[in-house]
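Structure first, commentary second.
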Amino acid sequence: MTMLVTSSAEILTAWELPTDPYATQIAEQITASTIQWQTTLPDGSHLHLLKIYAPVVQREELFLGNVLLNDFLFKAVRAAVSECGISRCAQVANDLESAYFIVHGQLDMNRLQQAYRGILQAQIGELYLGDEDSERGIHGHVKTMLTFYKANIEPFPIFIIPHDLLPLLLRRVLDWLLELSSENGVRVLANVSHLPDHVAAPRRINVILAVLSFFFSRDGREMQSFHYFLIEAIKDKRLPEHLVCQSFGVDKIEELTKQHFNKMKASPETVNFQALAQAIAIWSGKVQSAIEEQRVEEVAPWMMSKMLPESAEQVAQRIATGVQLGFQTIQSNRSVNSVKEIACRFCGSDLAVIQECHIIGGVNSGKWLNQSMRKTSNRFCVRCATASYLVTKRLSLQFDGIFPIPKFYNTIFHYGHHSDADLQTIQRQIDFLLTYAPKTKFGIEELEVMLDDVKQSEIARQFQEELPTMSQAEIVGALSRLAHPLREPAREVIAEMQNDVRAEVLALGQGRNRLFVFIMPQFQVRGKESVDFIQKRFSSSRLAAFTLLALLRSVCNCDGSYHYQSLPQLSDEQQEGVFYVGNRPIQADAHLEKYGAIVNFARRVTRYRKGHSLLGDWILLAERLLNEPLGIFSDILKASPIRSRDDFDDRQMRYNRLSNDWAEAKGLGVVDSQEYIALYKTLHDIAKESST
């Protein structure tokens, strides 16, 4: 409770109010999960403690989006209090589902509730289509969602956008198209998509055509065929014929055959982007005129038919479903009153009004749902669909075969005392590790030599050529995170993460001791495995998670609590040196050495299998060693070529041996067994701990 007392005292001191005993009382009320509390100060003024609660759906498809949505809902409280004429309002603590605010002044809760609804209605357009604004809890950029390169199946979650936001959406789309078709279009796409220029260059023309045909098509056929869209757009004067033909190297529309079009598209360096940019600029002017004359449905009829048939004001009410501000509920769940209506597939508590699609529902879309006899129907409520939308807005999308789905991600939460400047340093070091750790094949001894005082400047200069924003101290610090035997498994873990997703570090809420979220990429697909195979194996592994948490703790240089596959609670804020994995608290320092020994052993003995992920295999072996320590260890010894008569290439020998040194045990006919014996002792200790 000490941290809560300190945070409360700092706020009261800044307002020149007495801290004793009020800071302690506030901390006690927060610890007791009080919903609303007030007291009268010696000068007759009122001091309030106000809690806002918003539920989090713990489904992988929308968990991060739900967290980002709640950040928006929480930060709207200060704006609402300000609307009530009260200037003194500060957030003192928060977790994922609740936040506490200290308010000084005469507070009318009915007026506050109305003001809060008004703030949500005023900002709903920015939540969906605005750019990053952490002060208001608006996360991500719309252009991040507009990097898809095919549109035969809806690659943009248009179904959740209120229909009266179509003009704003089209303006954002046109701005992006003009950027893409400009001279710097390749660099723009590379920056937004986190792709190298040589990958972004051939993809640019497909992205332009996909965005054009998706948002401005008149029917599904135009949306699914770039060539058909261009021909039809020329025929009905949407696009100027001479500029489109000039873009693709022909003189008239009859010469723009599908064969010629596909040939030009396959060689994008032959496309005249200057002419294409002029064509898009002319179309942009037509769209702007249609918006001003309130004829927007004429330029994007197919989009209008797919958008949510509710107004932004109605949607603002729906996203507040289940939100409680003090003792007052902002918006109740809509009950299911008809046999034709079903509850949301994700939360199960609100009415499903959004149709099922992969870009919202992820890889499990299209599967049978017991509550519905129809294979396709409305499956998602507005709040859950918005949460999924925010995931795509923050991280972009990926493809599972032909189906566009939100990007996979790993979320790790951390309570700590870090300034915004600290946050930027942490962000740069994580970027460095994700970018260069996979390429850095140095062993521990080589890294130690590199980090020698004499070598530091030389090494830093090599990396600073590509990372000019990082100082020498930051580069050396990032490399030092890898110069430890327990970091080698973490280096292999981050080497397997997707390289087209940028890791991000966000601060949720405000105050002295904040809750931070690390958004880490999920894992690349290898060989025969499904798109989420490695991710599922990693998520269910306590040992693999520990390696990543240990690395992040060394980067943060902070002993606050870390959470993976668990929901942080305000009571965890005071816990130091604790890793929560699957809601199970574990003292990090007491287990890191033992867990590190098991993981290092597993990754070294695991033999690569063609078409399979080595990472996935050693994660599974490490977990089996932890769960059945002595039995699995015995199996490894039997199937390892550690005896002189063993054939290394024998298919029954499923594991690598750890040593080729026969000298000390020549009489026994086995390799040196010190590492096997050391692991046996560790496993024996773990088995003994488990039994007690």
Scan of region 281-312 for residues that are charged (D, E, K, R) and within 22 Å of Asn152 (Cβ to Cβ), ordered by number: Lys306
Where a residue in region 380-400 is farther than 21 Å from Asp532 by Cα and its partner, wherever it lies, is open to solvent by 10 Å² or more (accessible area, probe 1.4 Å) and of a type in the set (D, E, K, R), with Cβ under 6 Å and at least six apart: Val382/Arg318
Among (1) in contact (Cβ under 8 Å) with a residue 24 or more places away in the chain; (2) crowded, with 19+ Cβ neighbours inside 10 Å; (3) not β-branched (Val, Ile, Thr), the one test that His46 misses: (2)
Residue that is modelled with the lowest pLDDT, among those in region 612-640 that are surrounded by fewer than 18 Cβ atoms within 10 Å (Cβ to Cβ) and part of a loop (DSSP other than H, G, I, E, B): His612
Options Ser365, Ser372; residue that is at pLDDT below 80, surrounded by fewer than 23 Cβ atoms within 10 Å (Cβ to Cβ) and closer than 30 Å to Val192 by Cβ: Ser365
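Quick one: in region 15-38, of everything that is outside any helix (DSSP H, G or I) and in contact with a helix residue (DSSP H, G or I) (Cβ under 6 Å, 6 or more places away or on another chain), which residue is modelled with the lowest pLDDT?
Once the filter is applied, the top-ranked residue is Thr19.
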Selection from region 580-591 of residues that are part of a helix (DSSP H, G or I), touching a residue at least 24 places away in the same chain (Cβ under 8 Å) and either in contact with a helix residue (DSSP H, G or I) (Cβ under 6 Å, 6 or more places away or on another chain) or among the small types (Gly, Ala, Ser) (or both): Ala588
Any hit, region 309-327, residues being surrounded by 20 or more Cβ atoms within 10 Å (Cβ to Cβ), polar (S, T, N, Q) and under 37 Å from the mean Cα position of the chain (by Cα): yes
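Restricting to region 20-36, and then to whatever is over 35 Å from the mean Cα position of the chain (by Cα) and open to solvent by less than 50 Å² (accessible area, probe 1.4 Å), can you tell me which residue is nearest to Arg514 (Cα to Cα)?
Out of the qualifying residues, it is Ala23.
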Boolean, Arg172 is within 19 Å of Glu297 (Cα to Cα), assigned to a loop (DSSP other than H, G, I, E, B) and either in contact with a Lys or Arg (Cβ under 9 Å, 6 or more places away or on another chain) or open to solvent by less than 10 Å² (accessible area, probe 1.4 Å) (or both): no
Residue in region 334-352 that is at pLDDT below 80, assigned to a loop (DSSP other than H, G, I, E, B) and acidic (Asp, Glu) present: yes
Residue match in region 281-290 (condition: of a type in the set (A, V, I, L, M, F, W, C), without any contact (Cβ under 8 Å) to a residue 60 or more places away in the chain and within 30 Å of Ile354 (Cα to Cα)): yes
Filter result for Ser284 (in contact with a helix residue (DSSP H, G or I) (Cβ under 7 Å, 6 or more places away or on another chain), at pLDDT 85 or above, over 26 Å from Gln113 (Cα atoms) and among the polar types (S, T, N, Q)): yes
Sole exception among (1) open to solvent by less than 30 Å² (accessible area, probe 1.4 Å); (2) at positive phi for Gln294, by number: (1)
Sole residue being touching a residue at least 12 places away in the same chain (Cβ under 8 Å) and either out of contact with any Gly (no Cβ under 6 Å at 6 or more places or on another chain) or basic (Lys, Arg) (or both), chosen from Gln429, Gln424: Gln429
Single match in Val81, Val67 (criterion: open to solvent by less than 60 Å² (accessible area, probe 1.4 Å), under 23 Å from Arg111 (Cβ atoms) and touching a residue at least 12 places away in the same chain (Cβ under 8 Å)): Val81
Arg218 vs. criteria at pLDDT 95 or above, touching a helix residue (DSSP H, G or I) at 6+ places or on another chain (Cβ under 8 Å) and of a type in the set (Lys, Arg): no
Residue in region 231-255 that is surrounded by the fewest Cβ atoms within 10 Å (Cβ to Cβ), counting only those that are hydrophobic (A, V, I, L, M, F, W, C) and touching a helix residue (DSSP H, G or I) at 6+ places or on another chain (Cβ under 6 Å): Ile253
Out of Arg603, Arg609, sole residue that is charged (D, E, K, R), open to solvent by 20 Å² or more (accessible area, probe 1.4 Å), in a loop (DSSP other than H, G, I, E, B) and out of contact with any Lys or Arg (no Cβ under 6 Å at 6 or more places or on another chain): Arg609
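To keep it simple, each residue is scored yes or no on (1) at pLDDT 95 or above; (2) open to solvent by less than 60 Å² (accessible area, probe 1.4 Å).
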site	(1), (2)
Asp95	no, yes
Ile102	yes, yes
Ala115	yes, yes
Glu126	yes, yes
Gly140	no, yes
Phe148	no, yes
Phe159	no, yes
Leu168	yes, yes
Glu183	no, no
Helices (runs of 4 or more DSSP H) contained in region 380-477 and holding at least 2 residues under 30 Å from Ala320 (Cβ atoms) and either at pLDDT 85 or above or among the charged types (D, E, K, R) (or both): 382-395, 420-436
Close pairs from region 129-140: first in contact (Cβ under 8 Å) with a residue 60 or more places away in the chain, partner among the basic types (Lys, Arg) and open to solvent by 10 Å² or more (accessible area, probe 1.4 Å), Cβ under 6 Å, at least 6 apart: Arg136/Lys75; Gly137/Lys75; His139/Arg394; Gly140/Arg394
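The values are calculated or read from the model by the stated rules, or taken from the named source; none is laboratory data. Quantities reported herein were computed from a predicted structural model and do not represent experimental measurements. Cβ coordinates were reconstructed from backbone atoms using ideal geometry, including for glycine residues, and neighbour counts include every protein chain displayed. Surface accessibility is based on the protein's heavy atoms, side chains included, excluding ligands, DNA and RNA. Shrake-Rupley method; radii C 1.70, N 1.55, O 1.52, S 1.80 Å.
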